[in-house]
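K.L.:
Below are the structure tokens for one structure; questions will follow.
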Amino acid sequence: MPFTIAIDGPAASGKGTIARALAQHFGFAHLDTGLLYRAVGAKGGDPVAAARGLAPGDLARDDLRSAAAGQAASRVAAIPEVRAALVDFQRRFAGGEPGAVLDGRDIGTVICPEARLKLYVTASDQIRARRRALELGADEAEMLRELRERDARDAARDVAPMRPAEDALLLDTSEMTIDEAVARAIDAARRAGA
Ligand code: CDP
Ligand code: CDP
């Protein structure tokens, strides 16, 4: 049985950083599922058709990390048919041997409810805005507005809203360095049998 690790949490909480480090540590594959929604949003046109026809090249665009791409992603991510079109790919990825780490919003609740370890990564709004502003070279107040708007939309949507799975371990990284957060996650994965 492959070892699946599900990581969810709000924007810029540190999920991707932790997911990448876990995958590298345990020799697992990593899928940033947010990139799928960002690619669908960036393609333009009919989002359902874009999701159904998503190709590897769509994920390689260099503008997918921007705040505008994040906003477009969160709009298309509320469309049930868009989410449905992306489920099989994510589940196949999660089933790869010897293991996989997926990070997003609904991994522990919808995509991989049987994951061996579920983490829900958070940090205060201000700290997340500061980190994302540093990363993108953007204005902190503007990032705070952007993250809050996206989080509210992601948490309020009817289909696969952002929320911790009941059996998720909460990891608040507000006061942690990246190394501390990663060490906690590796420790949790070891205890779960990785
Ligand atoms: O994947 P997600 O949007 O949740 O966040 P990320 O891209 O992993 O992290 C957002 C930014 O915060 C990156 O620039 C990280 O290097 C930084 N970060 C940090 O400063 N301290 C942490 N404990 C975790 C992430
Ligand atoms: O890195 P950050 O947390 O800012 O965003 P992301 O993980 O790249 O996700 C971008 C957007 O895609 C989110 O705001 C969600 O609306 C959507 N998303 C989702 O609905 N479900 C997922 N599993 C992953 C992302």
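The values are calculated or read from the model by the stated rules, or taken from the named source; none is laboratory data. Being a predicted model, the structure only gives us computed values, none of them experimental. Using ideal geometry, Cβ is built from the backbone for each residue, glycine included, and neighbour counts are taken over all protein chains shown.
K.L.:
Among the residues of the range 153-180, what is the count of those that are farther than 15 Å from Asp8 by Cα and of a type in the set (A, V, I, L, M, F, W, C)?
P.N.:
4
K.L.:
Give Pro2, Pro47, Pro10, Pro56 a once-over and let me know the one that is loosely packed, with under 14 Cβ neighbours inside 10 Å, modelled with pLDDT of 95 or more and out of contact with any Leu (no Cβ under 6 Å at 6 or more places or on another chain).
P.N.:
Pro2
K.L.:
May I pose another question? Specify the residue that is farthest from ligand 1 (Cβ to nearest atom); the eligible residues are those in the range 1-17 that are part of a loop (DSSP other than H, G, I, E, B) and within 20 Å of Ala156 (Cα to Cα).
P.N.:
Pro10
K.L.:
Find the strands (runs of 3 or more DSSP E) located wholly in the range 74-179 whose residues include 1 or more that are within 9 Å of ligand 2 (Cβ to nearest atom) and under 17 Å from Gly16 (Cα atoms), and list them.
P.N.:
Where strands (runs of 3 or more DSSP E) fall fully within the range 74-179 and carry at least 1 residues being within 9 Å of ligand 2 (Cβ to nearest atom) and under 17 Å from Gly16 (Cα atoms), they are 99-104.
K.L.:
Same structure again: Out of the residues in the range 65-78 that are touching a residue at least 40 places away in the same chain (Cβ under 8 Å) and within 17 Å of Met162 (Cβ to Cβ), state the one that is nearest to ligand 1 (Cβ to nearest atom).
P.N.:
Filtering first and then ranking leaves Gly70.
K.L.:
Conditions first: (1) in contact with a Ser or Thr (Cβ under 7 Å, 6 or more places away or on another chain); (2) over 23 Å from Ala183 (Cα atoms). Asp62 passes all but one, so which condition is the exception?
P.N.:
Among (1) in contact with a Ser or Thr (Cβ under 7 Å, 6 or more places away or on another chain); (2) over 23 Å from Ala183 (Cα atoms), Asp62 violates only (1).
Quick grid of which residues meet (1) under 16 Å from Ala73 (Cα atoms); (2) away from ligand 1 (no atom under 15 Å from the Cβ); (3) hydrophobic (A, V, I, L, M, F, W, C); (4) free of Cβ contacts under 8 Å to residues at least 40 places away in the same chain:
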| position | (1), (2), (3), (4) |
| --- | --- |
| Val101 | no, no, yes, no |
| Asp125 | no, no, no, yes |
| Ala129 | no, no, yes, no |
| Ala133 | no, no, yes, yes |
| Glu140 | no, no, no, yes |
| Arg148 | yes, no, no, yes |
| Asp151 | yes, no, no, no |
| Ala160 | yes, yes, yes, no |
| Glu166 | no, yes, no, yes |
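K.L.:
In addition: Only residues that are more than 17 Å from the chain's Cα centre (by Cα) and within 13 Å of Ala115 (Cβ to Cβ): list them for the range 83-98, please.
P.N.:
Scanning the range 83-98 gives a single hit, Gly95.
K.L.:
Go through Ala29, Ala6, Ala49 for me and flag whichever is in contact (Cβ under 8 Å) with a residue 40 or more places away in the chain and away from ligand 2 (no atom under 14 Å from the Cβ).
P.N.:
Ala29
Matching residues to (1) away from ligand 2 (no atom under 12 Å from the Cβ); (2) assigned to a loop (DSSP other than H, G, I, E, B); (3) in contact with a Leu (Cβ under 8 Å, 6 or more places away or on another chain):
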{"residue": "Ala19", "(1), (2), (3)": "no, no, yes"}
{"residue": "Ala39", "(1), (2), (3)": "no, no, yes"}
{"residue": "Leu64", "(1), (2), (3)": "no, yes, yes"}
{"residue": "Gln71", "(1), (2), (3)": "no, no, no"}
